[in-house]
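The values are calculated or read from the model by the stated rules, or taken from the named source; none is laboratory data. Please read all numbers here as calculations on a predicted model, not as lab measurements. With ideal geometry, Cβ positions are generated from the backbone for all residues, glycine too; neighbour counts draw on all protein chains shown.
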Amino acid sequence: MVSVWLFVNTLLTRIPSASERCKNVSENRLALGCLCSGCSAHKLPVICPQPPAPPTAKALQELAVPLAAGTLGVDTKTYSGIVGAAGTLRLGPAGSSSTSLGTGIYEVLFPSDLSLCVYTATIGTSPATFLVPGIVTVTPRFGNVNGIFVQTFSVNGTPEYHPFNIHVQC
């Protein structure tokens, strides 16, 4: 019983005070380059996860003209498609098409310029089936602003035919 009391007493004497903990947090922040707010009433604030923005970035941000709430400043459009492993477009908007250019290499075309869009692709098909796991990459199609270049691979990185879903947000 005495050894347990000594152990607990030793632990309690090693716990730093609130002031020491705040000092340690402040020192850690400085080591990380953080400029978060200081300790108030010995509450331990969270260490900031990112360094502060450089002065030039802040100056540019202040010069930017804010957009009205809910607008992006442009009209947006969305395209989605389902492409089979052989490269046939199984589902997509009017004016779109897809072609297999080789093992695991595809071109998907949509009816407008996609050069300022965001692309996402996932291995998958419709109707739902159990598919072999795979990897898919997507990038703009070189030489065709209406096109997307897609590659599919096995999980070990070998080019392989896979069906995929594609989503484009402009």
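Details
- Extreme residue, modelled with the lowest pLDDT, among residues of segment 101-133 that are of a type in the set (Gly, Ala, Ser) and closer than 16 Å to residue 144 by Cα: 115
- Within segment 85-101, residues that are closer than 11 Å to residue 164 by Cβ and touching a residue at least 12 places away in the same chain (Cβ under 8 Å) have Cβ atoms under 7 Å from residues that are of a type in the set (Asp, Glu) and in a strand (DSSP E or B) in these pairs: 98/107, counting only partners at least 6 apart in sequence or on another chain.
- Condition met for residue 167 (closer than 19 Å to residue 95 by Cβ and touching a Ser or Thr at 6+ places or on another chain (Cβ under 6 Å)): yes
- If you go through segment 126-140 and keep only what is touching a strand residue (DSSP E or B) at 6+ places or on another chain (Cβ under 8 Å) and farther than 19 Å from residue 110 by Cβ, you end up with 131, 133, 134, 135.
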